[in-house]
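The structure appears below as structure tokens.
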Amino acid sequence: MTPVNQPLTASHDHHDWIPMLELATQEVFELMLGSQLVKAITPTDRAPANITGMVGLAGQLCGVLSIGCDEKAAALMASKMLGVELNKVGQSEIADALGEVCNMAAGNFKNKISGLGDGCMLSPPSVIQGGDYNIHSMTETPSLEISLLFENMPLHVCLQIHS
């Protein structure tokens, strides 16, 4: 077992974590939104996101977990999370809901990695909105990426590992 303050190495590609990242995200959507996520089968299921939630990880694992989707999917998340009609959801609720879903997915994921639960802190979530942005990480490690469908709408989950 790795000591709590010992960082994980970035040299390992961590592709064996993809099933845990997928499961962690699915569990959050089932518990918090009452929705089943389905794995996207074709690359066409991955549409460009115009809203992305991000949570930083620091400590034994450093990186960023992000969830990107379109505004309609994020609005549906907020509607389901808050128990209000879709047309009653405002921009701040949309951002808050996506940020919280991302935060819960990051927390659930880190708790699935042996010895990482107490050795990794999460930042408060950040949300970027708009159609013209790129997320660039200064890591040399390939990111772990999953494309899922939320109520038939594309959702992209990405874990960029820095160390």
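Where a number appears in this text, it was derived from the coordinates with a stated rule and is not lab data. None of these values were measured; they are calculated from a predicted model. Note that each Cβ is placed from the backbone with ideal geometry, even for glycine, and that neighbours are counted across all protein chains shown.
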VAL64 versus (1) buried (at least 19 other Cβ atoms within 10 Å of the Cβ); (2) touching a helix residue (DSSP H, G or I) at 6+ places or on another chain (Cβ under 7 Å): which is the lone unmet condition?
-> (2)
Kindly indicate which of GLU85, GLU145, GLU100, GLU71 is among the acidic types (Asp, Glu), within 13 Å of VAL55 (Cβ to Cβ) and out of contact with any Asp or Glu (no Cβ under 8 Å at 6 or more places or on another chain).
-> GLU100
If we scan the range 124-132, do we find a residue that is under 15 Å from ALA58 (Cβ atoms) and exposed (fewer than 14 other Cβ atoms within 10 Å of the Cβ)?
-> yes
From the list ASP118, ASP70, which residue is charged (D, E, K, R), surrounded by fewer than 20 Cβ atoms within 10 Å (Cβ to Cβ) and either in contact with a His (Cβ under 8 Å, 6 or more places away or on another chain) or farther than 17 Å from ILE146 by Cα (or both)?
-> ASP118
Quick one: which residue in ILE113, ILE67 is closer than 22 Å to HIS15 by Cβ, of a type outside the set (Ser, Thr, Tyr) and over 10 Å from the mean Cα position of the chain (by Cα)?
-> ILE113
Candidates SER79, SER147, filtered to the one that is over 17 Å from the mean Cα position of the chain (by Cα), buried (at least 16 other Cβ atoms within 10 Å of the Cβ) and closer than 20 Å to PHE29 by Cα = SER79
Strands (runs of 3 or more DSSP E) wholly inside the range 49-163 containing at least 2 residues that are closer than 19 Å to ILE18 by Cβ = 51-59, 63-69, 144-150, 153-161
Determine, yes or no, whether ASP96 is of a type in the set (Asp, Glu) and either in contact (Cβ under 8 Å) with a residue 40 or more places away in the chain or touching a Lys or Arg at 6+ places or on another chain (Cβ under 7 Å) (or both).
-> no
